Amino acid sequence: MVDDIYQAMVTSITDGDSEAAEALARRAIAEGIDPLDAINKGFVVGIQQVGEAFGCGQAFLPDLVLAGEAMKAAVAVLDPELASRGQQRETAGDVVLGTVKGDIHDIGKMLVGTMLSASGFQVHDLGVDVPPERFAHKAREVKAAIVGVSALLSTTMSNQRLVIEALDDLGLRSQVKVMVGGAPVTRTWAETIEADGFAEDAIRAVVEARRLVGSNA
Ligand code: B1M
């Protein structure tokens with residue numbers, strides 16, 4: 001039966017049906033389904049299908065927009081549930097998080113932020129289309145341990161390098177770890193731009209962030 005709910009979640013996203021997605025997210029909580037499973041086995045499968053269809057010309061921008069909105073509606077319901085599962089503990093460190101300049105994808109970054117918060121990090125989410133200098137100034141303001149930079153487009157991932165340069169310009173590079181991620185981003189790319197960390201998904205982002213601050217929290 002759980003599989004039926006996951007399938008309905010997939011369909012709610014491929015149909016771009018925000019109301020259905022939100023209702024299914026509420027149902028998942030009511031039925032005790034792990035919110036992370038709801039995201040990964042249900043909604044994310046749907047958004048990946050839409051992305052693939054878009055990539056091969058079988059879906060169009062309005063489909064992408066509607067699917068993105070449905071995904072956000074579901075994540076907004078599951079977000080507090082995810083966060084509340086994180087145990088209260090001392091702050092593991094401040095993380096400045098954002099999507100690079102020129103890029104407005106924010107669903108994956110939001111999930112990374114939620115998982116980091118739930119794991120004890122203090123997250124300062126700057127949103128999307130964030131200029132490199134803004135990352136750097138915020139990092140200085142909050143004495144960030146980590147700057148997390150998301151990019152979803154192969155045309156914007158090079159802006160991750162500009163964030164590192166902006167930190168360098170403020171003389172902060174040696175004090176702050178930089179973690180990069182996003183669909184086109186690979187470990188090789190992270191190494192090329194001399195980022196300190198890379199994660200493929202929100203769960204691995206927590207493991208990586210802990211490694212970067214040298215914490216087993
Ligand atoms: Co866009 N889009 N999009 N899009 N979109 C992609 C990324 C694309 C792969 C679709 C495709 O062609 N198959 C393609 C990029 C191709 C490329 O460059 N390689 C694409 C394109 C081309 C575009 C436009 C250019 C389309 C156009 O206008 N012609 C345009 C660009 C706008 C811009 O940014 N300037 C555009 C617009 C949009 C919408 C606004 C309509 C919408 C975004 C809505 C929103 O975010 N609020 C959208 C969507 C929904 C997608 C897809 C379908 C889904 C993205 C998503 O939310 N995935 C996407 C296809 C796909 O990815 N399969 C696509 C779910 C999310 C949970 O995964 O974001 O990968 P993801 O995040 C993961 C990991 O990557 C990782 O953890 C997350 C959670 O597990 N991660 C990190 C992410 N950030 C991290 C940071 C970390 C660590 C890990 O550390 C800091």
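Points worth noting:
- Between helix 202-213 and the chain: long-axis angle, C-alpha atoms, 0 to 90°, nearest 10: 20
- Sequence-separation-based contact order of the chain, relative, with Cα cut under 8 Å and 6+ spacing, percent: 17
- Cut-off under 5 Å, modelled amide H: who pairs with F198 long-range: V180
- Pairwise FRET efficiency - R211 versus V65, Cβ, R0 = 35 Å, nearest 0.05: 0.45
- With every protein chain in place, the range 125-217: carbon and sulfur % of accessible area (1.4 Å): 47
- Charges were assigned to the Cβ only: +1 to each Lys and Arg, -1 to each Asp and Glu. The resulting dipole of the chain about its Cα centre is roughly 740 debye.
- Helical contribution to [θ] at 222 nm, DSSP H n ≥ 4, -39,500 (n - 2.57), averaged over the chain, rounded to 500: -16500 deg cm²/dmol
- Cα-based helix-to-principal-axis angle, 18-30 vs the chain, degrees rounded to 10: 90
- Of the residues D125, D3, D94, D169, the one with the largest accessible area comes first in the ranking D169, D3, D125, D94, computed with a 1.4 Å probe on protein heavy atoms.
- All Cα pairs of the range 97-161, percent lying beyond 14 Å: 52
- Taking the chain as the region of interest, the number of lysine pairs whose Cα atoms are within less than 21 Å, with members eight or more places apart or on different chains, is 12.
- Rounded to the nearest 5, the antiparallel percentage of DSSP beta bridges internal to the chain is 0%.
- Compared with the alpha-carbon gap, the fully stretched path from Q122 to F54 is longer by 20.9 nm at 0.36 nm per residue.
- For the range 107-175, with +1 on Lys and Arg beta carbons and -1 on Asp and Glu, the positive-most of A139, A151, G120 along the dipole: G120
- Tilt relative to the chain, helix 2-14 - C-alpha long axis, 0 to 90 degrees, to 10: 70
- Ordering of 14-21, 185-192, 70-77 by packing is 70-77, 14-21, 185-192, highest average first (other Cβ atoms within 10 Å, averaged per residue).
The values are calculated or read from the model by the stated rules, or taken from the named source; none is laboratory data. Small disclaimer: the values here were computed from a predicted structure and weren't measured. Neighbour counts are summed over all protein chains in view; Cβ atoms, including those assigned to glycine, are modelled from backbone coordinates with ideal geometry. The accessibility values were calculated without ligands, DNA or RNA, using every heavy atom of the protein model including side chains. Shrake-Rupley method; radii C 1.70, N 1.55, O 1.52, S 1.80 Å.
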